[in-house]
Structures are given as C-alpha cells and as structure tokens.
1. What is the calculated FRET efficiency for Asp127 to Met188, with r their C-beta to C-beta distance and R₀ = 30 Å, to the nearest 0.05?
2. For the peptides 98-105, 135-142, what is the packing order when you average, over each peptide's residues, the other Cβ atoms within 10 Å and list the highest mean first?
3. Counting Lys +1, Arg +1, Asp -1, Glu -1, what net charge surrounds Val25 among other residues with beta carbon under 12 Å of its beta carbon?
4. From Cα pairs below 8 angstrom and at least 6 apart in sequence, can you work out the relative contact order of region 9-199, rounded to a whole percent?
5. What does the charge count around Gly141 come to, taking other residues whose C-beta lies under 10 Å from its C-beta (Lys +1, Arg +1, Asp -1, Glu -1)?
6. Across region 15-29, in residue order, what do the Karplus-derived ³J(HN,Hα) couplings come to in whole Hz, using 6.51 cos²θ - 1.76 cosθ + 1.60 with θ = phi - 60° and x for Gly and Pro?
7. On the principal axes of its Cα set, how long, how wide and how thick is the chain? Give whole Å, largest value first.
8. Run the quick spin-label model on Lys79 and Asn97: label points 7 Å from Cα toward the beta carbon, then report their separation in nm to one decimal.
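None of the figures in this text is laboratory data; all of them are computed from the coordinates on show. Here the structure is a predicted model, which is why all the values come from computation and not from measurement. Note that each Cβ is placed from the backbone with ideal geometry, even for glycine, and that neighbours are counted across all protein chains shown.
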Amino acid sequence: MIDNFADKAADWDSPQKIKMTEKYVTELLKLVTLHKNQKALELGAGTGLVGFKLLPKLNSVVFVDTSAAMLEILKRKIKPDDKVELLHGDVLLYTKNDIDLVVSNMAFHHIINIKDVLKHLYKITSDHAKIVISDLVSEDGSFHNFEEVPHKGFETEDLSAQFEDAGFKNIKSYVYSTLKREKSDGKMHYYDQFILLAEK
C-alpha cells in the first residue's frame, strides 16, 4: 500500500489544521450528545486530531487510517489510560458491530469506494448510531492543486442520497465553514466545507 501522506505526517498538526479541527468538533457537538459509554470510530484519522478531542467525552475511540506515517505520529499522543484502538488500512477491515459514532473530517474525498464504505459503516454501527462527516463542497480541483484525488468535493444532495441508499436516515447537511487559500496563481481561493449528520 502506497503511503500518500508519508512526507506530510510530521508537519500535519499545523495551526491551520488544528483550527479546522476545532471548527468541526464545535459544530459536531451542536449535532450530537456524547456519552461516556460510547465507542467512536474516526475514519481517515490521520494524526488523531478529532478523536483525541472527543475521547474525554467517550469510552473509547478506534482510529482508522491508510497512512502508517500518520498513525506513527498518532501513537506518540496516546497516554497510558487512553482507551484507543489503531487500525492501519481500510475501514472494511473493522468487523465488530459496536460503533456508536463515526466521525470523519476532510477524509471522504480520499475514499474511492464510498458506496461500499457506507454499507460497511451501516454494518459495524450499533442501533441509533450517528455519523458526522465534514468535507468539501464540490470544487474545481484546485484545493489539491489539481492532483488526482477520487472526489473534488461533493454535491451534498448526491452524498445524502448515498447515505440513504446504505440504510441511514434523518440525514441533514449544511455549509458551516469556508477555507481560504492563496494558490500558485497568486489569487485567493475559497472552499466551502459542509457537515453531514446521518443516523442509523
């Protein structure tokens, strides 16, 4: 498995990434109430920025990522009393059906087989589980400097329909943040981020 983030992991926890995480977590907590008996799974966990913010309010967190380099950085953050699991690879490798909350921040556009992943998330989640993801609204590809990624953001209606097809209900989404970046053309580019909530 090629690690596309091997050269990015060491510098991943930048002030910008941390600020983006804080915005996502703040919005997430408006949508769901966390409990100390819950087990969460962070999909595309990277260095665990989201999961570690939520962990004090939960029982445990499963961190899933395809990048070994990212997970190595994550491992350094684990304290002796933290109840965490690390899974290197595809979320399809997780087969227990005990997840009460799935979170994912800016990772879905890297998923090739979204239909299969959503069906699998339905299988591994408990009754009344919730999924809260954040990602980009459809953009022109410039966010990744026109590098190949599986999705240049999403039309939220289309993505919501895929969640519904997988069995989820009470789906809602809205734009909650805008990222601003200066690109190589010297111009400022703006990218809307949406948050999507779905329930099992």
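1. Details: r = 45 Å, r/R0 = 1.52.
Working from the Cβ atoms, E equals 0.10.
2. Working: 98-105: 22.1, 135-142: 16.5.
For the peptides 98-105, 135-142, the packing ranking is 98-105, 135-142.
3. Details: positive: Lys19, Lys23, Lys30, Lys53, Lys57; negative: Glu22, Glu27, Glu42.
With Lys, Arg at +1 and Asp, Glu at -1, the neighbours total +2.
4. Numbers: 341 pairs, mean separation 34.2, N = 191.
RCO, region 9-199: 18 percent.
5. Working: positive: Lys152; negative: Glu139, Asp140, Glu147, Glu148.
Residues near Gly141 contribute -3 overall.
6. With the stated coefficients, region 15-29 comes to x, 5, 5, 5, 5, 4, 4, 4, 5, 5, 5, 4, 5, 4, 6 Hz.
7. 49, 38, 33
8. The two pseudo-label positions are separated by 3.5 nm.
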